[in-house]
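*Asks:* The structure that follows is given in the form of structure tokens.
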Amino acid sequence: MYLSASRAADAATGVRQRGKAPRRGRTVRRAVAGNVVALGMVSLVTDVSAEMVTAVLPLYLVVGLGMSPLAFGALDGLQQGATALFRLAGGHVADRTHRRKLVAGTGYALSAGCKLVLLAVTTPWAIGAVLAADRTGKGLRTAPRDALISLSSPPEEQGRAFGVHRAMDTAGALLGPVAAFAVLWAARDGYDAVFMVSFCVAAFGVLLLGLFVRDIRTASPQDGARKPREPGALRAALRALVGNRGLTRLCLTAALLGVVTVSDSFVYLLLQQRLDLPVQYFPLLPVGTAAGFLLLAVPAGLLADRMGRLGVFLVGHGALLAAYLLLLLPGGGGWLPALSVLALLGAFYAATDGVLMAAAGPLLPEGLRASGLALVQTVQAVARFVGALLFGAGWTYWGPGGAVAGAAVGLTVSLAAVAALTMRSRA
């Protein structure tokens, strides 16, 4: 990439301690901030590591170790829920200390260490504990990282900046399963080899963060907000954020839609069963999702900046609903519907992941940027934790078809509720 040009790109895109608003007289296509590119490289490398593990775990736990769908749903939900409090803590500490890079780096380092610990554990719940620690690292780093992206870009280009970052991040998500597939194909003791290679790649990501990412320190919150400094600072910050009506509506939207979002792992397990896919090819299923995400992330971000971020967010969930309906086709449907499901899943992430952060960023003062983004992420993570439990229980008691049908009905109702909420807020 062009990390060496980061300072010039930052100057062109408004990374600043004391900046000026961009001129509105003419449209100028500027380079994405070098800091965004550097963070994208870190995320790319880290996602190669993370997706190597994620790609093999569902089959390893459910098929190899015999874990039930309900237990796997609880474990998968635990990974989502484990990040909740640590997202808030990471965002708050980053805002309080102005050391967003240091907090993010701590999270990256913790996740890297967990890949090494996976070599020493063998039982499903011990693996679950390590994965929870790994997700804790993700929780610590995500809000400070996204705050750095948001602060590195002007308000009118938030969608573009997050789109570029998520595209680079997803390039890693695409390469990770391919790397896992190659390791499983070549190594006799395949899973241990996957974990070791994953650790080495994650450690390289931490090194990139230290060398190329620049911190952005804000002297004080803007927009008239006072930075809380009393002993109850976290509670005061939360009160300030909850009092933000726009942010509250966005959190409610994320919660309503998050609870009916089926985990990727369940989708891949269902496709593997329907296609009778050999075990060694299972890690390749996430590649289809990552390819769709990679191709659409930047266009979705640009469309969100131009047409409205909430609208694009809802369209993304419409793509997810279409994927659910394809999963309900009788007789498995064959390879074409399966590939369509993966593509729709990629479109869903392209239109929602970075777009949600781009929608939240301009609602927040700079001094509470990481804390506010962490609050949105936490609400979504808790909702998806509940959703994973519900879907796992539905699969166990009603079978996969009944569980998917329930998710489709729930998503339809949630989309209608969010649309009604949006229309009411604009009235």
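The values are calculated or read from the model by the stated rules, or taken from the named source; none is laboratory data. Keep in mind that this is a model prediction, so the values were computed, not measured. Here the Cβ positions follow ideal geometry from the backbone for every residue, glycine too, while neighbour counts run over all protein chains shown.
*Asks:* Given the condition free of Cβ contacts under 8 Å to residues at least 12 places away in the same chain, over 24 Å from the mean Cα position of the chain (by Cα) and either in a helix (DSSP H, G or I) or over 21 Å from Val178 (Cβ atoms) (or both), answer yes or no: does some residue in the range 265-283 qualify?
*Replies:* Within the range 265-283 (the criterion being free of Cβ contacts under 8 Å to residues at least 12 places away in the same chain, over 24 Å from the mean Cα position of the chain (by Cα) and either in a helix (DSSP H, G or I) or over 21 Å from Val178 (Cβ atoms) (or both)), the answer is yes, since at least one residue qualifies.
*Asks:* With respect to Leu320, is the statement that it is buried (at least 18 other Cβ atoms within 10 Å of the Cβ) and either over 18 Å from the mean Cα position of the chain (by Cα) or not polar (S, T, N, Q) (or both) true?
*Replies:* It is true that Leu320 is buried (at least 18 other Cβ atoms within 10 Å of the Cβ) and either over 18 Å from the mean Cα position of the chain (by Cα) or not polar (S, T, N, Q) (or both).
*Asks:* Condition first: at pLDDT 90 or above, assigned to a helix (DSSP H, G or I), crowded, with 23+ Cβ neighbours inside 10 Å and among the basic types (Lys, Arg). Can you find one or more residues in the range 300-308 that meet it?
*Replies:* No.
*Asks:* So for the range 344-357 (the condition being modelled with pLDDT of 90 or more, touching a Gly at 6+ places or on another chain (Cβ under 6 Å) and of a type in the set (A, V, I, L, M)), does at least one residue qualify?
*Replies:* Checked against the condition, which is being modelled with pLDDT of 90 or more, touching a Gly at 6+ places or on another chain (Cβ under 6 Å) and of a type in the set (A, V, I, L, M), the range 344-357 yields at least one hit.
*Asks:* Tally the residues that are in contact with a helix residue (DSSP H, G or I) (Cβ under 6 Å, 6 or more places away or on another chain) and surrounded by fewer than 24 Cβ atoms within 10 Å (Cβ to Cβ), restricting the search to the range 152-167.
*Replies:* 2
*Asks:* Would you confirm, using the coordinates I've provided, whether Leu373 is within 20 Å of Phe266 (Cβ to Cβ), touching a residue at least 24 places away in the same chain (Cβ under 8 Å) and among the aliphatic types (A, V, I, L, M)?
*Replies:* The answer is no for Leu373.
*Asks:* Restricting to the range 100-131, name every residue that is farther than 17 Å from Phe204 by Cβ, among the small types (Gly, Ala, Ser) and surrounded by 20 or more Cβ atoms within 10 Å (Cβ to Cβ).
*Replies:* Gly128, the sole residue that qualifies.
*Asks:* Test Ala319 against the criterion of being part of a helix (DSSP H, G or I), under 21 Å from Phe162 (Cα atoms) and at pLDDT 90 or above, and give yes or no.
*Replies:* So Ala319 fits the description; yes.
*Asks:* So which of Gly346, Gly372, Gly361 is out of contact with any Cys (no Cβ under 7 Å at 6 or more places or on another chain), assigned to a helix (DSSP H, G or I) and within 21 Å of Leu326 (Cβ to Cβ)?
*Replies:* Going through Gly346, Gly372, Gly361 in turn, the sole match is Gly346.
*Asks:* Quick one: in the range 384-410, of everything that is aliphatic (A, V, I, L, M) and either surrounded by 23 or more Cβ atoms within 10 Å (Cβ to Cβ) or in contact with an Asp or Glu (Cβ under 8 Å, 6 or more places away or on another chain) (or both), which residue is modelled with the lowest pLDDT?
*Replies:* That would be Ala388.
*Asks:* Going residue by residue through the range 227-239, is there one that turns out to be of a type outside the set (Ser, Thr, Tyr), closer than 25 Å to Leu356 by Cβ and at pLDDT 70 or above?
*Replies:* Yes: one or more hits.
*Asks:* Checking the structure you have, find out if any residue of the range 32-54 is modelled with pLDDT under 85 and touching a Phe, Trp or Tyr at 6+ places or on another chain (Cβ under 7 Å).
*Replies:* No - not one qualifying residue is present in the range 32-54.
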